[in-house]
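A.B. asks: One structure follows; several queries about it will come next.
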Amino acid sequence: MSTTIQPTVSHTPVMVQEVLHALAVQPGGRYVDCSVGGGGHAEAILEVASPGGLLLGIDADPRALQIAHSRLARFGDAVLLVEGNFRDVQTICRSHGFAPVHGVLFDLGLSSLQLAEEGRGFSFQVEAPLDMRFSPQQTVTAADIANTYTEEALADLLWRYGQEPRSRRIARRIVRERPLETTTQLAKVVEKAVGRGHRRLHPATRIFQALRIAVNQELENLSAALEGSRDLLGYSGRLTAISFHSLEDAIVKNFFRQESRDCICPPDVPACVCDHKASLKVVTRGAIRPTPSEVAANPRSRSARLRVAERL
Ligand SMILES: C[S@@+](CC[C@H](N)C(=O)[O-])C[C@H]1O[C@@H](n2cnc3c(N)ncnc32)[C@H](O)[C@@H]1O
């Protein structure tokens, strides 16, 4: 990569000390950061893993990788940055001879850099085309979904991915007012459908979350990536994931729970027929949350939940 970009907004990585502890980072260890973003967590991991430590960082967003590239330049050959989708983590790592590994990190969702970046369409507070793709290689944008889905399909999507109780009313209004081209246009349509209300959360927040999840197939990718990364871990390697909403957290929690059991037969089956073998041990019973002082210093961290499992 020849060009570097200097971001005007910065992204503060969440729960850095908790992540280092969860990954049990050690000098000479080998780590995969599946969502390297601006490289904040990766930098902290490499500092502890040096000398001899290696990190492979993946991101779907080439602009994020440019920022990570300049931030991590001082680690030289200890870092390998790959543009790709983390659902392919296993193929990516194996094709670079990067397995087995001591730890894998997911820091899910989007970064403050992406939220603030002009033209990306992630924020309803920044006028931009309704895009929301993490990667320019993806073909479907938020505008495509908002303007082509049937009212029923749109309502289902807002309900499922935005957990929006007024999804039908909002979907009806979107369909009536389309074509919708920009973020602020969509935010106004949502306001027209359900009002501004007196709640802390703008009513467009959930709608933008739902569209972003759908555009980037975030839940499907996470499920595939958890399996792929589990298979990369060496004995007692750590699998760690930070999620920012309950849909992601439920996927991580259920994966860890299922993979830490020897039998996953339904409870009404009298004798085990599944032959399933536990591959993980859940390290922390519940999710680890940021400290109150971190939340005060970085409000974005308030919904973060970190889960940790160890390879058996
Ligand atoms: C919260 S940010 C990570 C920030 C990073 N930990 C740091 O300290 O700077 C999440 C990153 O994951 C990337 N991402 C989201 N889904 C992805 C996927 N399926 N494959 C690859 N990268 C993805 C986003 O582009 C974004 O840069």
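A.B. asks: Just to be sure, is Asp156 modelled with pLDDT of 95 or more, among the acidic types (Asp, Glu) and within 14 Å of the ligand (Cβ to nearest atom)?
C.D. replies: So Asp156 fails the test.
A.B. asks: Considering only segment 222-240, state which residues are away from the ligand (no atom under 12 Å from the Cβ) and hydrophobic (A, V, I, L, M, F, W, C).
C.D. replies: Of everything in segment 222-240, those that are away from the ligand (no atom under 12 Å from the Cβ) and hydrophobic (A, V, I, L, M, F, W, C) turn out to be Leu232, Leu233, Leu239.
Here's the yes/no breakdown for (1) touching a residue at least 60 places away in the same chain (Cβ under 8 Å); (2) touching a Leu at 6+ places or on another chain (Cβ under 9 Å); (3) assigned by TED's automatic domain parsing to the domain that holds Gly237:
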| position | (1), (2), (3) |
| --- | --- |
| Gln138 | yes, no, no |
| Asn147 | no, yes, no |
| Asp156 | no, no, no |
| Arg169 | no, no, no |
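A.B. asks: Among the residues of segment 133-150, is any within 14 Å of the ligand (Cβ to nearest atom), touching a Ser or Thr at 6+ places or on another chain (Cβ under 7 Å) and farther than 18 Å from Pro203 by Cα?
C.D. replies: yes
A.B. asks: Can you give me the number of residues within segment 48-60 that are crowded, with 19+ Cβ neighbours inside 10 Å and either touching a residue at least 60 places away in the same chain (Cβ under 8 Å) or outside any loop (DSSP other than H, G, I, E, B) (or both)? Break it down into steps so the answer makes sense when it comes.
C.D. replies: Just the residues of segment 48-60 that are crowded, with 19+ Cβ neighbours inside 10 Å, to begin with: 49, 53-60.
Add one more test, that the residue is either touching a residue at least 60 places away in the same chain (Cβ under 8 Å) or outside any loop (DSSP other than H, G, I, E, B) (or both), and what stays is 49, 54-60.
Going through segment 48-60 one residue at a time, the tally reaches 8.
A.B. asks: While we're here: Just need a number here: residues in segment 20-45 that are more than 12 Å from the ligand (Cβ to nearest atom), part of a loop (DSSP other than H, G, I, E, B) and not hydrophobic (A, V, I, L, M, F, W, C).
C.D. replies: First, pick out the residues of segment 20-45 that are more than 12 Å from the ligand (Cβ to nearest atom): 20-31.
Of the ones still in play, those that are also part of a loop (DSSP other than H, G, I, E, B) are 24-29.
With not hydrophobic (A, V, I, L, M, F, W, C) added as a condition, the list becomes 26-29.
The total comes to 4.
A.B. asks: Right, next: Quick one: Glu127 ticks every box in (1) away from the ligand (no atom under 16 Å from the Cβ); (2) in contact (Cβ under 8 Å) with a residue 24 or more places away in the chain; (3) closer than 26 Å to Ile45 by Cα bar one, so which box is it?
C.D. replies: All conditions are met except number (3).
A.B. asks: Give me the pairs: first residue in segment 11-29 and under 21 Å from Ala296 (Cα atoms), second residue of a type in the set (Ser, Thr, Tyr) and modelled with pLDDT under 95, beta-carbon distance under 8 Å, and six or more apart or on different chains, which are they?
C.D. replies: Pairs that qualify, where the first residue is under 21 Å from Ala296 (Cα atoms) and the partner is of a type in the set (Ser, Thr, Tyr) and modelled with pLDDT under 95, are His11/Ser111; His11/Ser112; Thr12/Ser112.
A.B. asks: Further question on the same structure: What are the residues in segment 260-282 that are within 22 Å of Arg238 (Cβ to Cβ) and in contact with a helix residue (DSSP H, G or I) (Cβ under 7 Å, 6 or more places away or on another chain), if any?
C.D. replies: Ala278, Ser279, Leu280, Val282
A.B. asks: Condition (residue is touching a strand residue (DSSP E or B) at 6+ places or on another chain (Cβ under 9 Å), outside the structural domain of Ser243 (by TED's automatic domain parsing) and away from the ligand (no atom under 15 Å from the Cβ)) applied to segment 75-83: is it met by at least one residue?
C.D. replies: no
A.B. asks: Also, I was wondering about something else. Looking only at segment 107-124, which residues are among the aromatic types (Phe, Trp, Tyr) and within 14 Å of the ligand (Cβ to nearest atom)?
C.D. replies: Phe122
A.B. asks: Right, next: Which pairs have Cβ atoms under 9 Å, sit 6 or more apart or on different chains, and link a residue in segment 172-186 that is under 12 Å from Ala204 (Cβ atoms) to one that is among the hydroxyl-bearing types (Ser, Thr, Tyr) and not in a strand (DSSP E or B)?
C.D. replies: Between residues of segment 172-186 that are under 12 Å from Ala204 (Cβ atoms) and residues that are among the hydroxyl-bearing types (Ser, Thr, Tyr) and not in a strand (DSSP E or B), the close pairs are Ile174/Tyr149; Thr183/Ser123.
The values are calculated or read from the model by the stated rules, or taken from the named source; none is laboratory data. These numbers were taken from a predicted model, which means no experiment stands behind them. Glycine also receives a Cβ, built like all others from the backbone with ideal geometry; neighbour counts cover every protein chain displayed.
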